[in-house]
1. Please report the relative contact order for the chain, taking Cα pairs under 8 Å with a sequence separation of at least 6, and give it as a percent rounded to a whole number.
2. Pop the C-beta distance of Lys299 and Ser175 into the FRET formula with R0 = 30 Å and round what comes out to the nearest 0.05.
3. Determine how large the accessible area of His7 is when every protein chain is in place; take a 1.4 Å probe and give Å² rounded to the nearest 10.
4. As a check on your grasp of the helix formula, calculate [θ] at 222 nm for the chain: sum -39500 (n - 2.57) over DSSP H runs of n ≥ 4, divide by the residue count, round to the nearest 500.
5. In percent, how large is the relative contact order of segment 213-305, given Cα pairs closer than 8 Å and 6 or more residues apart?
6. So how strong a dipole does the chain carry about its Cα centre when Lys and Arg Cβ are +1 and Asp and Glu Cβ are -1, to the nearest 20 debye?
7. Between Phe271 and Glu88, what length in nm is gained on full extension when 0.36 nm per residue of separation is reduced by their alpha carbon distance?
8. In terms of modelled amide H atoms, which long-range or inter-chain residues lie less than 5 Å from the amide H of Cys223?
Amino acid sequence: MGKKTEHHLYENINTHCFHIIFDFDENGNVCQSEDEWCEEIFTQIPYFAFGDKKAREKFDAEENVVKNSMKLLYNIKEIQEANTDYLENPKQPDDGKYLNRGEFGELILYYLLKKKLNKPQLISKIYFKDTYNAVVHGFDAVHYDKITNELWIGESKLYTSKYHALRELEGDLTSHFNQNFFGQEFTIISDRFKDLGVDNSELESLIDPNSKFLSKLVSMNACFFALFNDPILDSFSYEPASDNISQAFLEKLKKSVQKTRENFDQNTNNFPYKNSLKIHLFLFPVQNKQSLVKKLHEKLKKEQI
């Protein structure tokens, strides 16, 4: 599962670091397999868009499910506007309105939670939209682990700067993980979940908007996903004559992750519920965020024909 993404878990600090796998190109050079990674991400669009059950039904009932799902994604107003920014205005500053987050961030976060951590999606993010052109603002991911009866709630940011991305996520921790926001979001989640007709009393109690705020917090994993440029990937190397990542790179990556986590914790020390909420960082360094997301937009645009 998720074969094109490397996953490094730092369990003691609730932090995950992901990056696109490295491999040899046709000239024998070591480089990231970006094209294959984009292909793997896009195979998940039907499941991201419709949920596992409905996506499987579509695969049984119709052809070109992935392509049709990509068309559905492209119909979203924000995706079309971001597509224009990336493909027609390439010199636009990277702090543009649609360049830092959106459905690609949500799609990648879905992919990481489902394929790398085995946490199934509770309800499709696109299902949260009143129409294909109307975004319901809220959590970027809502997943559920039925074994532990815990929610995995995610927020995503795509930025050139790691520090800018984390600063925005630090703000999300305060603005989204509070009683008022929970009241709004869990009312939506509960109403839409009932529409699916799923019978699960434990889950219904967990997402009940009237249940205690503390009960929700202690049964929740808050996932803050940041994709950003990082020169640390330039130092990637394999062990000689093996398929193992070099220890030198792993040690350098570990120190970087630990420092990032320390900074995040320091900047969120004033969050009042920190001892009750399990807070995870999902770090995703890339060599060029702008170029990578442009590839995703190019592939999405191509499939509209």
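1. Values: 423 pairs, mean separation 66.9, N = 305.
Relative contact order for the chain comes out at 22 percent.
2. Working: r = 33 Å, r/R0 = 1.09.
Efficiency for this residue pair is about 0.35.
3. About 60 Å², ignoring ligands and nucleic acids.
4. Details: 12 runs with 137 residues, N = 305.
Taken over the chain, the calculation gives -13500 deg cm²/dmol.
5. Working: 73 pairs, mean separation 46.8, N = 93.
Result for segment 213-305 is 50 percent.
6. Working: 39 positive and 47 negative charges, 97 e Å.
Rounded to the nearest 20 debye, it is 460 debye.
7. Numbers: separation 183, 0.36 × 183 = 65.88 nm, distance 4.08 nm.
Full-extension gain reported as 61.8 nm.
8. Ile153, Gly154, Glu155, His280
The values are calculated or read from the model by the stated rules, or taken from the named source; none is laboratory data. On a predicted model such as this, the values are computed, not experimentally measured, just so you know. Every residue, glycine as well, gets a Cβ built from its backbone with ideal geometry; the counts of neighbours run over all protein chains shown. To get the accessible areas, we keep the full protein, side chains included, count just its heavy atoms, and leave off ligands, DNA and RNA. Shrake-Rupley method; radii C 1.70, N 1.55, O 1.52, S 1.80 Å.
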